[in-house]
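Engineer: Pasting a structure below so you can have a look.
Any read-out appearing in this document is the output of simple, stated calculations on the displayed coordinates, not a laboratory observation. All of these numbers come straight from a predicted model, not from anything done at the bench. Reconstructed Cβ throughout: ideal geometry from the backbone, glycine too, with neighbour counts over all protein chains shown.
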Amino acid sequence: MLTRRIIVCLDVDAGRVVKGVQFAKLRDAGDPAELAAAHASAGADEIVLLDIAATYEKRATLLETVRRTARELTIPFTVGGGIRTVEDAAAVFDAGADKVAVNSAAIADPALITEIAGRFGSQAVVVAIDARRTANASGSGLHFAVKKTGGRDATGRDAVNWAREAQEAGAGEILLTSMDRDGTKDGFDTELTAAIAAVVRIPVIASGGAGSMQHFVDVFGHGHADAALAASIFHFGLIRMADLKQHLRANGIPVRWPC
Amino acid sequence: MLAGPTAGQDAAEHERTAVIAIVDYRAGNLTSVKKALDRIGAESFVTSDPEAIASAEKIVLPGVGHFAATKVLETSGMRSALQNAIQREVPFLGICVGMQWLFESSEESPETPGLGIFPGQCEHFPGEVKSPHVGWNDLLLEGSSRLLAGVPQNSFVYFTHTYRAPVVSSSVARCEYGGAFSAAVERGQVFGVQFHPEKSGEVGQAILRNFHELPC
């Protein structure tokens, strides 16, 4: 049976893993290659590395980090942050990534998704969407606005429509982060993930807000997520992967265990 | 967890094993396959040269992306080199689309012929399941297999694909997702896996090691 995936995210700046609360205060949680390998052997199903600085000067550092991390991993490895062109993506694949996550650049030009998918396959393209709850003009219903550049700027796009468009452009997966929940440990925004999962056929990875094992049960249950991603709860050992997988299994959610 | 020698020991004990040609047909990313073979101590090189394929001792045909990408095999002269190698019983491992190409054809690109070593056409997943099939699913092993030797029943491996190959008499592992499909096929020296052994943790490494250690 196809299992629900638990993905560990490494937020990296200048070659070090950091994780902020609501993208603000950053705490150093170690070496990415070492951490990735430790999470993989603990039972993580996948590793995502996000370069949160992603300035031009730091790009060389990123590729070296990707190379060192990929060497340690025998599970799928996604790299995102600052990928603006097919060449950027190619460099990251060449360094050992299996998938790239694109965000702001794809919003600016959705053809980027098509170009990367055309050369490396849709399975290699993850479109990252940072979404925030919003009231529309009439004030009715539930709406999610797409934010960019690390969740700071408005894009004028609606998350549900953008997810659909990204799929049409050739995205293989959607990495959906709730900007309302990110860093709060209050639980995933299951209404957000359910809204997106209902309109796309590609897998939806829920992100933002993981604080307890029950939150994962919720996001796989009424959130209809295919995968769930978290960072700090794993880095700081607040939840052990083995305990989480057993808890999910006990709640009838298929997971890869033992692995 | 599977017990196995470390990469270092492996390299030392199998200095005489064949060099593996990884076929590059401009379809996606070969780095993962190359790295995985490096990790188990298997010597390999990436090539799109029909002559290099013709003289290869072992061949891996990776594959991500579209079935139509295999057209390049035809136009580049690699198809006949691969066909000849298979006829000469050079051990051959097709991964993902590389395995689908061993079947007659695929709905994904009906005008592109496969090798037809295994019967039938690769098809899209039925509408009632999400597609592509992405993630870790378990292997339902059937019969004996040299490629999957030592792999426990219901081992999890990593899949990512939109089309699937039918279950045939040469299937040595099935997978269930909107019905059964071939997860692994094996006949003589021809092997195919729908999943990605290079991304399937220790189970995947064990499978690649089995291929690496096959006598030529």
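Engineer: Between region B:104-167 and region B:33-57, what's the alpha-carbon centroid distance in Å?
Structural biologist: What the calculation gives is 23 Å, centre to centre.
Engineer: Also, I was wondering about something else. As I understand it, the dipole of the protein assembly as shown uses +1 on the Cβ of Lys and Arg and -1 on the Cβ of Asp and Glu, about the Cα centre. Which of A:238, A:131, A:95 lies farthest toward its positive end?
Structural biologist: Toward the positive end, the furthest listed residue is A:238.
Engineer: Now for a separate question. Under the rule a/c < 1.5 gives rounded, and otherwise a/b versus b/c splits prolate from oblate, where does chain A land using the Cα gyration tensor?
Structural biologist: Working: a/c = 1.36, a/b = 1.02, b/c = 1.33.
Cα axes put chain A in the rounded bin.
Engineer: Considering only A:14, B:131, B:63, whose Cα is most displaced toward the positive end of the charge dipole of the protein assembly as shown, charges sitting on Cβ of Lys, Arg (+1) and Asp, Glu (-1)?
Structural biologist: The listed residue farthest towards the positive side: A:14.
Engineer: Explain nothing, just the number: dipole magnitude of region A:150-190 about its Cα centre with +1 on each Lys and Arg Cβ and -1 on each Asp and Glu Cβ, in debye rounded to the nearest 20.
Structural biologist: Dipole about the Cα centre, nearest 20: 80 debye.
Engineer: Excluding residue B:210 itself, what net charge comes from residues whose Cβ is under 11 Å from its Cβ, given Lys and Arg +1 and Asp and Glu -1?
Structural biologist: On the way: positive: B:146, B:209; negative: B:186, B:213.
Value of the local net charge: 0.
Engineer: Given A:245/B:130; A:99/B:34; A:147/B:34, which pairs have Cα atoms separated by over 27 Å? Numbers along the way, then the final one.
Structural biologist: Details: A:245/B:130 23 Å; A:99/B:34 16 Å; A:147/B:34 37 Å.
Flagged as over cut-off: A:147/B:34.
Engineer: Using a/c under 1.5 as the rounded threshold, could you call region B:7-213 rounded, prolate or oblate? The axes a ≥ b ≥ c are square roots of the C-alpha gyration tensor eigenvalues, and prolate needs a/b larger than b/c, oblate otherwise. Walk me through the numbers on the way to the answer.
Structural biologist: Numbers: a/c = 1.63, a/b = 1.14, b/c = 1.43.
Because a/c hits 1.5 or more and a/b fails to exceed b/c, region B:7-213 counts as oblate.
Engineer: Follow-up question, since we're still on this one. Evaluate the charge dipole of region A:5-250 about its Cα centre and quote only its size in Debye, nearest 20, assuming +1 on the Cβ of each Lys and Arg and -1 on the Cβ of each Asp and Glu.
Structural biologist: Details: 26 positive and 31 negative charges, 62 e Å.
Dipole magnitude for region A:5-250 comes out near 300 debye.
Engineer: Identify all aspartates and glutamates with a Cα-Cα distance to residue B:58 below 19 Å; exclude those on the same chain that are fewer than 8 residues away in sequence.
Structural biologist: B:10, B:13, B:15, B:24, B:38, B:43, B:49, B:89, B:186, B:198, B:213
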